[in-house]
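Below you'll find the structure, written out as structure tokens, and then a few comments.
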Amino acid sequence: MKGTLLLYRPGKREPEVSDFALEPSREEVERAIGGRFDMIAGFLSIEHCGIVRRCVAVADGDARAKNAPLNVTATLLWDAALRRDFGITLVRADGPRADALFGSIAVLFLHNEAEIANQKPEIGSRRSRLF
């Protein structure tokens, strides 16, 4: 199994990207997001490198209570997933946002067999190692 973890931090437009060969443990993901692991409802897909992928997205369940900063990028990606997968949005008909994400957000997805077979090293990529 090969996969990728995208870590979206508040105030950053681009994620920190980490590839994994073994599924990260809950503790590793909690360390990356800085708190208690909580699934983000409806955040089931993400477009990454031009490909829409099924994913799992998690946040620190206590981020809002900790007064963590708004994560604009992750909120926009969540809204895009809701629109793509369910035809709904985070924006209410009267204008304000119904919800938002705070703190660091981790998005994990697996690679399919064709991607693994055709994978080429990326020159100048911004890959990091979280684990």
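Structure values in brief
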| read-out | value |
| --- | --- |
| Pairs where the first residue, in segment 98-115, is surrounded by fewer than 23 Cβ atoms within 10 Å (Cβ to Cβ) and the second is at pLDDT below 85, C-beta under 8 Å, 6+ apart | Ala98/Arg92; Leu110/Met1; His111/Gln119 |
| Residue list for segment 29-49, restricted to those being in contact with a helix residue (DSSP H, G or I) (Cβ under 9 Å, 6 or more places away or on another chain), outside any loop (DSSP other than H, G, I, E, B) and crowded, with 18+ Cβ neighbours inside 10 Å | Ser45, Ile46 |
| Test: Thr75 is in a helix (DSSP H, G or I) and either more than 14 Å from Ala106 (Cβ to Cβ) or more than 12 Å from the chain's Cα centre (by Cα) (or both) | yes |
| Cross-chain or 6+ apart pairs with Cβ under 8 Å, segment 43-59 first and over 13 Å from Leu7 (Cβ atoms) and in contact (Cβ under 8 Å) with a residue 40 or more places away in the chain, then of a type in the set (Lys, Arg) and assigned to a strand (DSSP E or B) | Leu44/Arg54; Ser45/Arg53; Ser45/Arg54 |
| Tally of residues being acidic (Asp, Glu), over 12 Å from the mean Cα position of the chain (by Cα) and either in a loop (DSSP other than H, G, I, E, B) or on the phi > 0 side of the Ramachandran plot (or both) across segment 1-28 | 1 |
| From Arg84, Arg53, residue being more than 20 Å from Ala98 (Cβ to Cβ), modelled with pLDDT of 95 or more and basic (Lys, Arg) | Arg53 |
| Odd one out for Val72 among (1) under 17 Å from Lys12 (Cβ atoms); (2) free of Cβ contacts under 8 Å to residues at least 60 places away in the same chain | (2) |
| Check on Arg64, within 22 Å of His111 (Cβ to Cβ), in contact with a strand residue (DSSP E or B) (Cβ under 6 Å, 6 or more places away or on another chain) and free of Cβ contacts under 8 Å to residues at least 60 places away in the same chain | no |
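The values are calculated or read from the model by the stated rules, or taken from the named source; none is laboratory data. All of these numbers come straight from a predicted model, not from anything done at the bench. Don't worry about glycine lacking a Cβ; one is built from the backbone with ideal geometry, like all the others, and counts go over all protein chains shown.
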